[in-house]
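The values are calculated or read from the model by the stated rules, or taken from the named source; none is laboratory data. Because the structure is predicted, anything quoted here is derived from the model rather than measured. Cβ atoms come from the backbone with ideal geometry, glycine included; neighbour counts cover every protein chain shown. Side chains included, ligands, DNA and RNA excluded: accessible areas come from the protein's heavy atoms. Shrake-Rupley method; radii C 1.70, N 1.55, O 1.52, S 1.80 Å.
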Amino acid sequence: CPSPQAIVWDEYLTGPFGLIAQYSLLKEHEVEKMFTLKPGRLPQADVKNIIFFVRPKLELMDIITDNVLREDRGRSPQRDFHILFVPRRSLLCEQWLKEQGVLGSFIHREQYSLDLIPFDGDLLSMESDGAFKECYLESDQTSLYHAAKGLMTLQALYGTIPQIFGKGDCARHVANMMIRMKREFPGSQNSIFPVFDTLLLLDRNVDLLTPLATQLTYEGLIDEIYGIQNTYVKLPPEKFAPKKQGEGGKDLPTEPKKLQLNSAEELYAEIRDKNFNAVGSVLSKKAKIISAAFEERHHAKTVGEIKQFVSQLPHMQAARSSLANHTSIAELIKDITTSEDFFDNLTVEQEFMSGIDTDKVNNYIEDCIAQKHPLIKILRLVCLQSVCNSGLKQKVLDHYKREILQTYGYEHVLTLNNLEKAGLLKPQASSRNNYPTIRKTLRLWMDDVNEQNPNDISYVYSGYAPLSVRLAQLLARPGWRSIEEVLKMLPGPHFEERQQLPTGLQKKRQHGENRVTLVFFLGGVTYAEIAALRFLSQMEDGGTEYVIATTKLINGTSWIKSLMEKLEPAPF
């Protein structure tokens, strides 16, 4: 487009795009103004071109139609409109715009294929909000196509991945699409030395248990309590107000404190994946080191020593402010984790996961419903009980449903129906409960957990080892053949594919060189699972490094929320 231009953003996209193109970068490319997409007239702006960046959703097309129709045609110069669909153009949306009579107003109609967005050195996400619901409830496999496309792009950049393993229906589907894309574009065979040795595709519904449990790593708890959106978290500001002597708390900030969380920050990289109980000691150790470093200035006598101290100052000040922030966050979290309610909730979760009383109505859940605790908390616990019991007895299930509907309202009947369809809250199909067998064979529950210096991935949930990560761990050694029986109990097929590499690109492994595995979670991944995979990467004798990709970063709350149906009461 000739400049100058304005961008109108679909609000959901601003987060992911912020990770790859800051506003300053767009400014350099002559973007004068940025607006959020909302109904009504577009704001005044002295620009010739207006570009809409949107997801292909019909409700957004209505807003765009409204924007275009309200545009003042009499004004000069006239503004030109363009539309960019992310990640794909949609015939349905274009047809809709045509029926509204505004399709002709757009000079360019393009797509911007944003598949995998880097969130960290070892973490990629598609940030596709409804992927789980679309795949498992609506049988809409668009997001799987985008996943396959993203993986093809990744292979074009980092070489063909020789081995593909997978478990689950969606995983099978993605692998089939990748093989087909490779066949259809013979030119996609590249001569880049492969970075990844193995790709592991995992369906979220192979392990429905992990996201329902409360994560107990530092990063996991921040996400559980405050929600991390595109690496940013918003926190209550009062803990972060600079304390000045004698002022008292008269003008406390009201805007939430927004912080970016990623491994670029030294301290965060060190504590993010630790169990929360191990974070305090690290912070106090760091505090001692930093204050000792600042004390050095009294011992700096010569000009050279002073100069050296000054050169380290910016780094020390950054470390000090980072420590202050994380001490405040840890205090906020500690207030919650030491509460009675948190403890009771966690106790029930851990009883379910270790197989205690999963087959009868739970008193704590009944009490919570009677006290009208947040509905999502109740749903997480009931679903957890159902998953740990391979479904609930009809009598127990009906009791829970009745209590929930009578307390929270009958409009939630659709939500309960969705949870049943997704396999989260269902009647027991046969009289056999497979979960204990799976738990014992895969060692999903460990009684003696060392939270300070962990020796097993179960530290991320203080006892429960995430099933998904256990599968990745066993695949690396001794291989899935050792657990054939259990794999058959989990939903969906398991498979292995090999992709031929051109001669000369096969890896000759040097002694002590690690294998690199890309684990792709279809339907979402939690921060605790990421922490567990990083823990495996760092193990001395592990021999495997993990890179993680996913359709979306989730926690139990955001996941259940995505499956809830909003039924608006009738307006009379």
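Taking amide H as placed 1.01 Å from N in the peptide plane, the amide H of Trp445 sits under 5 Å from that of Ala465, each at least 5 places away or on another chain.
When the alpha-carbon atoms of the range 93-212 are used, the pair Rg, Dmax equals 17.2, 51 angstrom. Kirkwood Rh, Cα Rg: Rg to Rh for the range 440-495? Reported Rg/Rh (Cα atoms, Kirkwood Rh): 1.01.
May I ask you to derive the FRET efficiency for Leu567 and Phe309 from their Cβ-Cβ distance with R0 = 60 Å, giving the value to the nearest 0.05?
On the way: r = 64 Å, r/R0 = 1.07.
So, using R0 = 60 Å, E works out to roughly 0.40.
Counted over the chain, the DSSP beta bridges are approximately 25% antiparallel. Among 280-286, 79-85, 229-235, sorting by the average number of other beta carbon atoms lying within 10 angstrom of each residue, highest first, gives 79-85, 229-235, 280-286. Near Val8, the amide H atoms lying under 5 Å from its own belong to Phe35, Ile51, Phe52, Phe53; only residues 5 or more places off or on other chains count, and H is placed 1.01 Å from N. Residues whose amide H falls under 5 Å from that of Val547, counting only those 5 or more places apart or on a different chain, are Thr517, Leu518, Val519, with hydrogens built in the peptide plane. A simple charge model with +1 on the Cβ of Lys and Arg, -1 on the Cβ of Asp and Glu and nothing else charged puts the dipole of the range 341-433 at about 400 debye relative to its Cα centre.
Extent of the range 137-194 along its three principal axes (Cα atoms, max minus min coordinate, largest first): 40, 20, 17 Å.
Sort the following peptides by mean Cβ neighbour count (other Cβ atoms within 10 Å, averaged over residues), highest first: 524-534, 7-17. If you can, show how the numbers build up before the last one.
Working: 524-534: 27.0, 7-17: 17.7.
Going by the mean number of other Cβ atoms within 10 Å, highest first, we get 524-534, 7-17.
Accessible surface ranking for Arg183, Arg402, 1.4 angstrom probe, highest first: Arg183, Arg402.
Are there GluC sites (Glu not before Pro) in the range 91-185 that DSSP marks as loop and that have at most 16 other Cβ atoms within 10 Å, and which are they?
Values: sites: Glu94, Glu99, Glu110, Glu127, Glu134, Glu138, Glu184; in loops: Glu127, Glu138.
Passing sites in the range 91-185 are Glu138.
The relative contact order of the chain, computed from alpha carbon pairs under 8 Å that lie at least 6 residues apart in sequence, is 19 percent.
Treat every Asp and Glu Cβ in the chain as -1 and every Lys and Arg Cβ as +1, leave all other atoms uncharged, and give the resulting dipole magnitude about the Cα centre to the nearest 20 debye. All intermediate terms of the calculation are to be shown ahead of the outcome.
Numbers: 67 positive and 72 negative charges, 175 e Å.
So the magnitude is around 840 debye.
Farthest toward the positive end of the dipole of the chain, out of Pro211, Leu283, Asn262, is the Cα of Asn262, where the dipole comes from beta carbon charges about the Cα centre. Sparsely packed loop sites in the range 297-395 (the GluC sites (Glu not before Pro) outside DSSP H, G, I, E and B with at most 13 other Cβ atoms within 10 Å) do not occur.
Rg to Rh for the range 275-383: what is it, with Cα atoms only and Rh by Kirkwood?
Details: Rg = 23.5 Å, Rh = 18.0 Å.
When Rh is taken as the Kirkwood radius, the ratio is 1.30.
Considering only Cα atoms, the convex hull volume of the chain works out to 236 Å³ per residue.
Over the range 341-433, the ratio between the Cα radius of gyration and 2.2 N^0.38 Å evaluates to 1.00.
Could you tell me what percent of the accessible area of the range 341-433 is made up of carbon and sulfur, with a 1.4 Å probe and every protein chain present? Working shown, then result.
Working: 2190 of 4230 Å².
C and S atoms contribute 52 percent here.
Given R0 = 51 Å, the distance between the Cβ atoms of Ser24 and Lys421 translates into a calculated FRET efficiency of 0.65. For the range 5-113, the convex hull spanned by the alpha carbon atoms encloses 95 Å³ per residue.
Provide the per residue accessible area, probe 1.4 Å, for the chain, rounded to a whole number of square angstrom.
Details: 28210 Å² over 572 residues.
Here the per-residue accessible area is 49 Å².
Secondary structure note: in the range 1-145, about 10% of the DSSP beta bridges are antiparallel. Under the combined filter of DSSP loop state and at most 15 neighbouring Cβ atoms within 10 Å, the range 410-471 retains these trypsin sites (Lys or Arg not before Pro): Arg432, Arg443. Centre-to-centre, using Cα atoms only, the range 286-322 and the range 513-527 are separated by 40 Å.
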